[in-house]
Each structure stands twice: as structure tokens, then as C-alpha cells.
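Asker: Next up is a structure, given as C-alpha cells.
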Amino acid sequence: MGITDKLEKMMENIMDKIGGVFSGGKIHPIEIARKAVQELKRNQKVSVSQTYVPNIYEIILNPEDQKELLIYEEAIVPEIKDYLMDYIKKENLSIMGELTIDLQSEETMEQGKFEVKSQVKKGKLPEPELEKTAVRKIPLLSSIWAEVKEGPEKGNSFALIEGANIIGRKDEHQIKISGSDISRTHGAIHIEGTGIWIEDLGSTNGTYVNGKIIKEKTSLKKGDFISLGDTVLEIKS
């Protein structure tokens, strides 16, 4: 089903719910849905493995337009939410919390016009605080790398980027390590300016720095050894 067809279907559903002809003034639900998608596209944030979009959408209306639309709020808002969620799923995007659409008013807004503003109110993310997000840009390589000293990838080196370098068995992770003793998402090495630190992300077998298991974020320096199962990494620069 194309975008036009989906918008038409959305409007049909609204009409079914209100049981008659829509007379919500000068602002049409289809226009709101289209502009909400445009706002979503403008505010996508890309992480190492996923693209996140805002979950709060504020529809800014003239008070008179808001008054007219609020009559049909229970029919309109769920349908626009469904339309946005269909788009998010189709584009394989990740939403940062529960999707909310709020019809708000501003005296300065010209009647017959409206704006859509978005923001993020974090709920439960797929991997909380796991990946440092940034507005669509190529990851910046640092001068630090991790060399595999022991394990299935022995001899390999991983160039590290500024931000989060996720370690695990998933193909999309910055540091992909095979082996049954490595969790799919095992840990993360973070580089921020001159600081380097590591954290375990709930792995089954734990993460060790210089032979000691870590229970919280732990700073790293050149020459430190990280052990994950049978794999040993050395931090180099």
C-alpha cells in the first residue's frame, strides 16, 4: 500500500469513528500526518546500529482550530499515531519511548496554519544508554584501536570511533567477536575526547580489565587488557 493509499485509509477510519462527514475546520488530519512524518525525518538520529526518531509530537494550532479539532481528538489522534508507527516500522526505525501526539494552541499561530514540533522523552530503549547517538554523520575515527591478543579473532585489530564501540557477536557491532562465550551484546568501549572507559552490558560471562571483573564503568588506558570469555583485547594508540 502506497503513502497516498495509507492516508486515504487513515481518513476512512476517522470517518467511520465519527460516523459522518469530517468538519474539523481548516486543518485536515491528512495534512497533520504528512507534516508529522516530515518532522520525524528531520530529527532522525543515527547510532552505531540503529536510527532513532522522536516520540513526542506537538501539533501547534490557532486556538480556534484547536477547539474544532478537539471535538474529533479521540478519532484523529489514534489514526495519526498508527500512520506514524506504520512509517517507523516500514523504514526500520527505532522510537525512543511511547509515541504521543498532543494538540496544543498558541495565540500567535495564524488560523488555518499549524506547526509540528518533536522532542524525545525517553522511555525504555532497546539498549538503554548503549549507543551514543548523533545527528546523521559519519562516525569519527579516534587514534585508538583494540588488538585481539587471544581468541578466535587473534591478530585482528579494531579501529575505535569517537563515542560508543559496542562489543558482541552481532554483525552490526563495531567490535564483532565470535564465540559462544561472548554475548550478542557484551560490552562497550567509550571514547569521549581524551577519556576512554568500558562497561559491561549485562553479559553472561562478564568483562574483565587486567584480570579483574568490572561491575561499573571503568576507565582504560593504553596497554590495558580486556578479557571477554576466551578473547583478550589490548588497548593501543
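Asker: What's the number of the only condition in (1) in contact with a Leu (Cβ under 6 Å, 6 or more places away or on another chain); (2) more than 20 Å from M109 (Cβ to Cβ); (3) polar (S, T, N, Q) that N43 fails to meet?
Answerer: Of the numbered conditions (1) in contact with a Leu (Cβ under 6 Å, 6 or more places away or on another chain); (2) more than 20 Å from M109 (Cβ to Cβ); (3) polar (S, T, N, Q), the odd one out for N43 is (1).
Asker: While we're looking at this one, here's another question. Residues in segment 75-87: is at least one in contact with a helix residue (DSSP H, G or I) (Cβ under 8 Å, 6 or more places away or on another chain) and over 16 Å from A36 (Cβ atoms)?
Answerer: yes
Asker: Based on this model, can you work out whether T231 counts as without any contact (Cβ under 8 Å) to a residue 40 or more places away in the chain and either open to solvent by less than 50 Å² (accessible area, probe 1.4 Å) or within 20 Å of A159 (Cβ to Cβ) (or both)?
Answerer: Judged against the criteria, T231 is not a match.
Asker: Let me ask something additional. Is at least one residue of segment 72-89 out of contact with any Lys or Arg (no Cβ under 6 Å at 6 or more places or on another chain) and of a type in the set (G, A, S)?
Answerer: Looking for residues that are out of contact with any Lys or Arg (no Cβ under 6 Å at 6 or more places or on another chain) and of a type in the set (G, A, S), one finds none in segment 72-89, hence no.
Asker: Next question. How many residues are within 16 Å of E73 (Cβ to Cβ) and open to solvent by less than 20 Å² (accessible area, probe 1.4 Å) when one looks only at segment 26-59?
Answerer: 7
Asker: I would also like to ask the following. Check segment 46-58 and report whether any residue there is modelled with pLDDT of 85 or more and more than 30 Å from A188 (Cβ to Cβ).
Answerer: yes
Asker: So which pairs qualify, if the first residue must be in segment 55-84 and under 14 Å from I27 (Cα atoms), the second must be assigned to a helix (DSSP H, G or I) and open to solvent by 40 Å² or more (accessible area, probe 1.4 Å), the Cβ gap must be under 8 Å, and the two must be at least 6 apart or on different chains?
Answerer: Every condition considered, the pairs that remain are Y72/I18.
Asker: Given segment 140-223, what strands (runs of 3 or more DSSP E) lie entirely inside it while holding 1 or more residues that are open to solvent by 30 Å² or more (accessible area, probe 1.4 Å)?
Answerer: In segment 140-223, 141-150, 157-161, 187-192, 195-200 are the strands (runs of 3 or more DSSP E) which contain 1 or more residues that are open to solvent by 30 Å² or more (accessible area, probe 1.4 Å).
Asker: If I ask for residues that are in contact with a strand residue (DSSP E or B) (Cβ under 7 Å, 6 or more places away or on another chain) and not hydroxyl-bearing (S, T, Y), which ones from segment 177-194 would you list?
Answerer: I177, G179, I182, R184, H186, G187, A188, I189, H190, I191
The values are calculated or read from the model by the stated rules, or taken from the named source; none is laboratory data. The model shown is predicted, which means the values in this text are computed figures rather than measured ones. In this analysis, Cβ positions are derived from the backbone assuming ideal geometry, glycine residues included, and neighbour counts consider all displayed protein chains. When the accessible area is computed, the model is the full protein with side chains, heavy atoms only, and any ligands, DNA or RNA have been set aside. Shrake-Rupley method; radii C 1.70, N 1.55, O 1.52, S 1.80 Å.
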